[in-house]
Amino acid sequence: TDNPNNQTAASEGQIGNPFVTWETARKQNLGVDLKLLNGMLGVNFDYFLENREDILTYRGTVPGYVAYNLPAVNIGEVKNKGFEVETRWNQKVNGNLRYWINLNVSHAKNKIIFMDEVPQNEEYLYRTGHAVSQPFGYIFDKFFSDSDIGSESVPDHQYDLQPGDMVYQDLNDDGVINQDDQRAIGHPQYPEYTFGANLGFQWKDLDFSMSWAGATNTSRMLDETYRVAFGATQDRSLLQYMADGRWTPETAGEATYPRMTLIGQNNNTKPSDFWLRDASYLRLKNLEIGYNFSGSFLKRFGISQFRTFVNGYNLLTFDSLVITDPESRTGDRSAYPLTKVYNIGFKVNF
């Protein structure tokens, strides 16, 4: 008694759940394989449905005073569906020329059926019915300007807006911008469509091949240093696009970043569609050109085959994300961007 300092003691941590079990999945698959034109044309089509239940997740409707750290329980349910199509064309034109074209596209989409959400004030706030990684956020309306000062058309952002600050849409028309004004925005983090192409030819001793890969219907939410100038602790980097695109009275019409301020960061860096980027891309993953040397000259040295080649990886990427790699994270633990690699080599068989 009479000791104001905290004393070493024991406390109960997370409650255990002795009833945890495996997730269960009911799957349906329909597939068709075709070969036509003496095997030159091949087509594969697969369609799938999957209902996954008993997903291990946490309850959202139990108040915190019941238990501070509740255990995970088998209550989640997600529905998945999609398809994959692959076509292959392989033709030998004559004794010297052969070429091939392989194309594929896949589509996968999921929907949350149940996740024990807290009752929401607005119907559009529910995650149930959306994809697992569906982003939610505010809807950017415009940058605050001098003409908006004192205007009743701008909702209360619970912050003294200054010219260059971000203005959001009041989705429920209550005159206040708060968490009830967030809705589903953009596409999920994981692409709904992925596609690829593999093509090439062989003409006599010369061969050429290349592979393309891409994805679409996917979004990235800029976060951490990609969104907050100088970082949340105000001792991080300032990205070039922030400095170049920041709002100023002279650049108000074409600004791509709010005014540079530390005071207004909480308002200007809220998750919104302003920070959401289309992460669709098309990438040349691999390209190779090779040549096989043969003849009696090589046999004199006991060489049965001599091949030289030039190849490259990640040579081209077409995307609109620009400030980072479309396949990397856009948060504080971003993966190192893919590197472009060139190789020159040869292969000798004796």
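A few comments on the model shown:
- Global form of segment 71-213, assessed from the alpha-carbon gyration tensor, a/c cut-off 1.5: oblate
- Listed peptides 166-174, 341-349 appear in the order 166-174, 341-349 once ranked by packing, highest mean of other Cβ atoms within 10 Å at the front.
- Solvent-accessible area per residue for the chain (1.4 angstrom probe, square angstrom): 63
- C-alpha center-to-center spacing [segment 220-273, segment 94-168] in angstrom: 18
- Accessible surface of the chain [probe 1.4 Å, protein heavy atoms]: carbon and sulfur percent: 53
- Nonlocal amide H pairs with Y168, under 5 Å, H built at 1.01 Å: D141
- When the convex hull of its Cα atoms is viewed from all sides, segment 1-142 shows a mean projected area of 20.4 nm².
- Range of Cα positions in segment 212-350 per principal axis (Å), largest first: 79, 30, 26
- Packing around the peptides 185-191, 21-27, 126-132, taken as the average count of other Cβ atoms within 10 Å per residue, puts them in this order, highest first: 185-191, 126-132, 21-27.
- When each of K285/K347; K92/K347; K27/K270; K79/K142; K81/K285 is checked by Cα-Cα distance, pairs over 31 Å: K27/K270; K79/K142
- Entry for Rg/Rh (Cα atoms, Kirkwood Rh) (calculated from the structure that is shown) out of [x] 0.99; [y] 1.10; [z] 0.96: [y]
- Local net charge near E250, Cβ-Cβ under 14 Å (Lys/Arg +1, Asp/Glu -1): -1
- A simple rule links phi to the HN-Hα coupling: the Karplus curve 6.51 cos²θ - 1.76 cosθ + 1.60 with θ = phi - 60°, which for segment 179-195 gives 5, 6, 9, 9, 8, 5, 9, x, 10, x, 5, 8, x, 7, 10, 10, 8 Hz, with x for Gly and Pro.
- Net charge of the neighbourhood of S133, taken over other residues with C-beta under 14 Å away and scored Lys/Arg +1, Asp/Glu -1, is +3.
The values are calculated or read from the model by the stated rules, or taken from the named source; none is laboratory data. What you are looking at is a predicted structure, and each value in this text was computed from that prediction instead of being measured. Neighbour counts are summed over all protein chains in view; Cβ atoms, including those assigned to glycine, are modelled from backbone coordinates with ideal geometry. We work out accessible area using only protein heavy atoms, side chains counted, and drop any ligands, DNA or RNA first. Shrake-Rupley method; radii C 1.70, N 1.55, O 1.52, S 1.80 Å.
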